[in-house]
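Worksheet for the structure shown next.
The values are calculated or read from the model by the stated rules, or taken from the named source; none is laboratory data. Everything numeric in this text was worked out from a predicted model, so none of it was measured. Methodologically, a virtual Cβ is constructed for each residue, glycine included, from the backbone with ideal geometry; neighbour enumeration extends over all protein chains shown.
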Amino acid sequence: MVQDASEMSNASPGPGSAGKSSSSNSPVELATDANSNTLDSSVEDCEAIHYFRTEFAKLHHTKNPEYSLISLMFKMGQTEPMVMHMIVAVGHQEMDFRRSQSSITAQQAASHHYGSALRLLADAVEPANNSAKNLDIILTALWLMLIYEQQFGDERCRAYLSHLQGVASLLQVQSGNLLQIPPHKLGAQGRGSIALRADCSSQDSKISIYAARVLIWIVLLDSAAATSGVGGHVNEAILTMLLSNPTDSQLRSRDPIKAVARLHHYSNSLYRLAWGDAYPQSELVDDVENRNVYALLGHCAYLRFLTAQLATLYLDNPDSAVSQAQAVEYSIDEVGDLFRELMEVAHELTLETNNSHRLVANMRAIVPMYYAIILEFKRVTAFDGPLDERQRYALQEIMNLCFQDFTHSSSQPNLKLAWPLFLAALETQDMMHQKFALDRFETFRLYGKNYERAYRFLLTAIPMQRRSGKRIDIRAHMEQGELFVLG
C-alpha cells in the first residue's frame, strides 16, 4: 500500500491516467461553516465543491444530500486536506466532462488536487502514522479516488486496480481484530460506547461505524471491478477477516452472507448518531424504511463477487468450477428467498407509481442488480445455452423496472442501472429493448469514460451477436480492447 501510493503520487493523475450543524448532543463534532475548507480555494474550486455537495451527491445516493454519506465526507474534508483535495478533484473532473468543450484549466486543477491527495495518502499509510483515526480519512479518500478512476481513469483500469489492492493491503495490515464487531444489545449501549468516528474510542471494535459504511461503499466498487476481471481484492480481505475472527461466536458458522450482512447492520445507525438531535424524524423513518433494500444491495455485491470468482475459476480449473457453481447458485437462491417480499413488491410496481417515495426509487434501482446477477451467473455456467425460464423472467424484470425508472426519473440518469441494462442489452433478442438500452447508455456516457467505453462495446457487440447467433465473451473482448467498470 505504501509503495503503491508513493509511486502514484509521483504521477500526474487525471483523465487517462492512473449542511447543517449538529446539536451539542451529537457524538461527533461537525463543522458549522458550510463554506469553510482546509485549502486555499479559487472560485473554480468552490464551484467544484458546490457541485460535489449537490449534483454529485444526488447522482451517487438517493438520500437527502444534506444528510447523506456524501455530506459527512464533505464535513470531514473541512478539517482533512486529503479528503478536500479529492472532493475538489472529483468536482472539477465531473463538471468538465459534462461540458460541451473540455477546459484545460479544469483538467489541470483536477490533476493538481488528485496529485496532492495521493502525496498525503502516501504519508498517511506510513507505519509511523498508522492509527484508527487515519482509517476513516484514508478510506474516504480512497473511495473518492476509486470513483474518480472508475469514471475517468485509463482504459486498462491500472490506477483503479492499484487503489483496490491498496484498500485490501490496508485492511490486512490493520490486523484481524479490525472487523471485530460488537453485538447490538438494545438498551445496553449508550451512544458513547459506539465509535461513530475513529477518534471516538471504543474497546469493543477497532473500526468506526463511519468507516464501516464507507468500506461497504468500497466493497460495491470492488465487486463491480471483479465482474470486469480487475477486482475482488477488498471482498477477499474482508471475508478472510470476518470469518477468521476467533472471538466472535456469531461468525463461527463461517457463513459469508451473514458475515457481510453483519458489517452492514453495524453501520445502520450512522446517520442518526452523526447528526444527533438535529436529524429530522422524517429522515430517521426514511432510513428504517430503506434499510432492507440497501441490505439487498450489500448482498448483491457479495453475489457479484462470487460470480466473478466463478468466471475466473472456469478459465483456470473448469472441473472445479462446475462443483463451485452449485454453491454459488445456492447463495443466489438464498438471497432471493431472504428478500422475496421486496422483489414481489417491486414486481407489482406500475408506471402509475412515481419515484417521489425513496423506497420506490431504490427498489427500481437495486432489485435489477439481483436479476443481473442471475443473467451473469447463467452466462458463466451455461454460456452456449438458450435462455431458460428464469433468465427470461430476470430479463423482463430488469427491462420493466428500468423503463419505470426512466419514465419517472429527473433530468439525471440512474447510474446504478448501467450494469443491469448492459447485461440485458446483450441477453435480449428484442430489438426495441436493445434500442432502449442503447439510448440510456447514450445518456450514461455523458457521466464518465467508463460509460463511454461500455456504450462503444454495446454498439459493436450487439450486431456481432446478432450476426453469429451466439453470445460473446465479455471479459475476453474487454481484455482485447478497453476495460470498464459498471457499478
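General remarks:
- Residues of the stretch 92-103 classified as buried (at least 24 other Cβ atoms within 10 Å of the Cβ) and farther than 12 Å from residue 151 by Cα, total: 1
- Search result, residues across the stretch 435-452 that are basic (Lys, Arg) and outside any helix (DSSP H, G or I): none
- Residue satisfying all of: in the stretch 60-82; closer than 23 Å to residue 408 by Cα and touching an Asp or Glu at 6+ places or on another chain (Cβ under 8 Å); surrounded by the fewest Cβ atoms within 10 Å (Cβ to Cβ) among these: 64
- Restricted to helices (runs of 4 or more DSSP H) entirely inside the stretch 67-128, those with at least 2 residues that are over 11 Å from residue 39 (Cβ atoms) and among the β-branched types (Val, Ile, Thr) are 104-124.
- Verdict on residue 344 being in a helix (DSSP H, G or I) and within 23 Å of the chain's Cα centre (by Cα): no
- Hey, residue 447 surrounded by 20 or more Cβ atoms within 10 Å (Cβ to Cβ), under 20 Å from the mean Cα position of the chain (by Cα) and more than 29 Å from residue 344 (Cβ to Cβ) or not: no
- Among the residues of the stretch 265-308, the one identified as under 14 Å from the mean Cα position of the chain (by Cα) and either polar (S, T, N, Q) or within 17 Å of residue 72 (Cβ to Cβ) (or both) is 294.
- Residue in the stretch 418-439 that is hydrophobic (A, V, I, L, M, F, W, C), over 24 Å from the mean Cα position of the chain (by Cα), surrounded by fewer than 13 Cβ atoms within 10 Å (Cβ to Cβ) and over 23 Å from residue 95 (Cα atoms) present: yes
- Taken over the stretch 276-288, the criterion of being surrounded by 13 or more Cβ atoms within 10 Å (Cβ to Cβ) and either out of contact with any helix residue (DSSP H, G or I) (no Cβ under 9 Å at 6 or more places or on another chain) or more than 12 Å from residue 63 (Cα to Cα) (or both) is satisfied by 276, 278, 279, 280.
- Evaluation of residue 106 against (1) surrounded by 18 or more Cβ atoms within 10 Å (Cβ to Cβ); (2) closer than 24 Å to residue 210 by Cβ (one fails), failing number: (2)
- Among residues of the stretch 316-340 that are surrounded by 18 or more Cβ atoms within 10 Å (Cβ to Cβ), those with a Cβ under 6 angstrom from a residue that is of a type in the set (S, T, N, Q), sequence gap 6+ or separate chain, pair up as 325/381.
Each row is one residue, and each column tells you yes or no for (1) modelled with pLDDT under 95; (2) farther than 25 Å from residue 230 by Cα.
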position	(1), (2)
412	yes, yes
430	no, yes
435	no, yes
451	no, no
455	no, no
458	no, no
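- Any chance residue 140 is under 21 Å from residue 274 (Cβ atoms) and outside any helix (DSSP H, G or I): no
- Filter result (at pLDDT 90 or above and farther than 16 Å from residue 208 by Cα) within the stretch 118-140: 118, 119, 120, 121, 122, 123, 124
- Residue 459 vs. criteria buried (at least 18 other Cβ atoms within 10 Å of the Cβ) and either aliphatic (A, V, I, L, M) or under 23 Å from residue 218 (Cβ atoms) (or both): no
- Only a single item in (1) of a type in the set (S, T, N, Q); (2) surrounded by 18 or more Cβ atoms within 10 Å (Cβ to Cβ); (3) part of a helix (DSSP H, G or I) is not met by residue 54, and it is number (2).
- Top-ranked residue in the stretch 385-400 [being among the charged types (D, E, K, R) and more than 18 Å from residue 425 (Cβ to Cβ); ranked as surrounded by the fewest Cβ atoms within 10 Å (Cβ to Cβ)]: 389
- The stretch 354-384 - residue that is surrounded by 14 or more Cβ atoms within 10 Å (Cβ to Cβ) and among the hydroxyl-bearing types (Ser, Thr, Tyr) and, of those, farthest from residue 304 (Cα to Cα): 381
- Test: residue in the stretch 322-340 that is in a helix (DSSP H, G or I) and closer than 21 Å to residue 407 by Cβ: no
- Criterion applied to 211, 159, 188 was being crowded, with 22+ Cβ neighbours inside 10 Å and either assigned to a loop (DSSP other than H, G, I, E, B) or at pLDDT 95 or above (or both), and the one residue passing it is 159.
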